[in-house]
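Bear in mind that the values in this text are calculations on the coordinates, not laboratory data. This is a predicted model, so every value here is computed, not measured. Cβ atoms come from the backbone with ideal geometry, glycine included; neighbour counts cover every protein chain shown.
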Amino acid sequence: METYFSQQFFANNRAKLRKLFIGTAPVIMTANGLIQSGADSTYNFKQDASFWYLCGLDIPDLIVVMDKAQEYLIVPSRSINRENFDGQIDTDYLKLRSGINEIYNEVDGWNKLSSRLKKVKHVATLATPKTYIKEYGFYTNPARASLNLKIKEQNEDIKFLDLSHHLALMRMVKQPEELQAINRAIEVTNKAIKQSTSKSRLLKYEYEYQIEANITKSMIEQGSSGHAFEPIVAGGLNACTLHNIYNKSQLNRNDLVVIDTGCEVEHYAADITRTFSLSGKPSKRQSNIYDAVLDVQNYGIGLLKPGVLLKDFEEKIENYMGEKLRELGLIKSISHDNVRQFYPHATSHFLGINVHDIGDYNRPLESGVVLTVEPGIYIKKEAIGVRIEDDVLITDKGAKVLSNKLAKKL
């Protein structure tokens, strides 16, 4: 698959960050580190999105330094044994890909950086996340904490300035290259879903994983790097678990199945959801619920344009969804708690390098922002879950649905 990103893209991003950050402190950022999965093996490496955005490199433990007019990379040392298994780091490639011409080994790089750190009061970097995020039930990559600890070892009085908001503003508005990658990811995802959900195939599936397998096969055959996130294939009651990623249950021919998936193309994600009747003959109740969700989605897309605040947008969606839930006989009065019994998630999130990309949710939308629109209704007592999701680009004229070539038919 062709590349959409030249070294100029990454060089421009670094220049823009240095322009946004008006301070004189050195900017220091780290790549992610590898995470152990077994005795001597690791989980598949996933680069820190902001590091990739600035450097374009998928190598763990690199450090980039931007200090005044100077920028350089510090390359981690590798044991002979590791080089035998993982290979050497090609410094010529680092230069060619990133546009950063000064490359230092770990010892020389930290000697150079240490002499600078002893003279400054502040360093600009990305804030260290909590070790464990209880809300989501996962541990975070320790690379930032390790970097900040090592910086403190050079100068214990140094203070950190967080660049998170600067990078959120930058990544929120997509550049032409990014839109090309997102559009390609959407194209691949659309085709994978379409190929995997033909009438003849839907009638043959017995288990959720069979649908996932066909989607995965199609994505890989089309040249993508695979899934941007764990795919969701959820039949019947499973669809009422929003992130049902196990995809192992047997399918019931009379149920609906929710397919929420998106491939990754050069780090950029698609995120598309469709709901299907496995039998091709949905009940009247299933159809009415589906039509209500589709109506809410169309309403939401019609609201999106430059200047809209997502908080106001979500409030309008909640009220409109409340009307639909009342029509379906699920609630008697519209209130936040009543609506959220059957619609427990937000309608939109930013989309980009991460499927739930960073951005400023308190900032009005502007041209170039890409986000999802994904209302849903989930009724556990009836074992019915319906979600419809499309990827939308904000333009000067309003909202353009990027994934509209994939039909929305129950």
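Structural remarks
- Label point 7 Å beyond Cα of PHE138 along Cβ direction - residues of the range 196-223 with amide nitrogen under 14 Å: none
- Cα-based shape type of the range 7-170, given that a ≥ b ≥ c are square roots of the gyration tensor eigenvalues and the cut on a/c is 1.5: rounded
- Unsatisfied cross-links (Cα-Cα over 19 Å) in the set LYS16/LYS152; LYS284/LYS316; LYS324/LYS405; LYS118/LYS152; LYS119/LYS152; LYS305/LYS400: LYS16/LYS152; LYS284/LYS316; LYS324/LYS405
- The convex hull built on the alpha-carbon positions of the chain has an orientation-averaged projected area of 21.8 nm².
- Virtual paramagnetic centre 7 Å along Cα→Cβ of ASP295, amide N under 19 Å, in the range 385-402: 385-389
- Whether the range 173-401 is rounded, prolate or oblate, judged on the alpha carbon gyration tensor where a/c under 1.5 counts as rounded: oblate
- Computed per residue of the chain from DSSP H runs no shorter than four, each worth -39500 (n - 2.57), the mean residue ellipticity at 222 nm is -11500 deg cm²/dmol.
- Dipole axis of the chain (+1 Lys, Arg; -1 Asp, Glu on Cβ), positive-most option in ILE151, TYR378, LEU365: TYR378
- Phi-derived couplings, Karplus 6.51 cos²θ - 1.76 cosθ + 1.60 at θ = phi - 60°, listed residue by residue for the range 222-230: 7, x, 7, 8, x, 6, 7, 7, 4 Hz, with x used for Gly and Pro.
- At most 11 other Cβ within 10 Å, DSSP loop - GluC sites (Glu not before Pro), the range 92-151: GLU135
- Cα gyration tensor shape for the range 305-410, rounded if a/c is under 1.5, else prolate or oblate: prolate
- Computed from Cα atoms, the angle from the helix 284-303 axis to the main principal axis of the chain rounds to 40 degrees.
- Estimated FRET transfer efficiency (LYS16, ASN319; beta-carbon r; R0 30 Å; 0.05): 0.20
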